[in-house]
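The values are calculated or read from the model by the stated rules, or taken from the named source; none is laboratory data. Nothing here was measured: the structure is a model prediction, and the numbers come from that model. Quick reminder, even Gly has a Cβ in these numbers, built from the backbone with ideal geometry, and neighbours come from all protein chains shown. The protein model used for the area step is the full one, side chains on, heavy atoms only, and it has no ligands, DNA or RNA in it. Shrake-Rupley method; radii C 1.70, N 1.55, O 1.52, S 1.80 Å.
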Amino acid sequence: KPKRKEIALDKRFWVASASVPNSSFLFSGDKIPIDISAENAIDGDHWTGWRDMTRTQYPGQWFQVDMKRKQSFDKIVLDNTWALWDTPQQYIVQVSEDGSRWSEPIAKGRGELGITTITFPLRQARWIRISQTAANKTYHWSIYEMDVYRGIP
């Protein structure tokens, strides 16, 4: 089977937000503050990321991007390799034109360790939201990088 041709959408002007305010957490015994704001998940740097450190995973927790214009896409990749177990427990993906009225889920599933790949039929939208639909009492949710792709026929 030939490898699928695809392009990654340009994230330079996107805005990311989440169900929790941007924050930082104190890392290691040295208490080094690490920035974990939503924008880190779309900055092109797989070493930085968004984390919800307020509590472990819970239904209704969400992460979203405003792509600033309507775009076509059929694949989302969530990378949390640096926090391997912080993969989404169970998720749905919804899209929106205005950031307030959301579609029925266009995809749903369980996160995979390290890299979660979400595929669905081609969609057009300006906003993408990923929401947790289950709890994980042990682990937080992290996205170190989110990429969105469109297949090329």
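Side notes on the structure shown:
- Whether segment 91-153 is rounded, prolate or oblate, judged on the alpha carbon gyration tensor where a/c under 1.5 counts as rounded: oblate
- Proximity of backbone amide H atoms, modeled 1.01 Å from N, is registered between Thr48 and no other residue at under 5 Å, excluding neighbours fewer than 5 places apart on the same chain.
- Under the convention that each Lys and Arg Cβ holds +1 and each Asp and Glu Cβ holds -1, the size of the dipole of the chain around its Cα centre is about 600 debye.
- Applying the Karplus relation 6.51 cos²θ - 1.76 cosθ + 1.60 with θ = phi - 60° to segment 3-11 yields 3J(HN,Hα) values of 5, 5, 8, 7, 10, 7, 6, 6, 9 Hz, where x marks Gly and Pro.
- Per-residue packing, averaged as other Cβ atoms within 10 Å, sorts the ranges 83-94, 54-65 into the order 83-94, 54-65, beginning with the highest.
- Here the contact order of segment 1-122, divided by its residue count and restricted to Cα pairs under 8 Å and six or more residues apart, works out to 21 percent.
- Calculated from the structure at hand, Rg/Rh (Cα atoms, Kirkwood Rh) is found among (i) 0.99; (ii) 0.96; (iii) 1.08 as (ii).
- Expressed as a whole percent, the accessible area of the chain that falls on carbon and sulfur atoms is 54 (1.4 Å probe).
- Solvent-accessible heavy-atom area per residue, rounded to whole Å², over segment 83-153 at 1.4 Å: 50
- Built amide H within the under 5 Å cut-off of Glu145, gap 5+: Asp79
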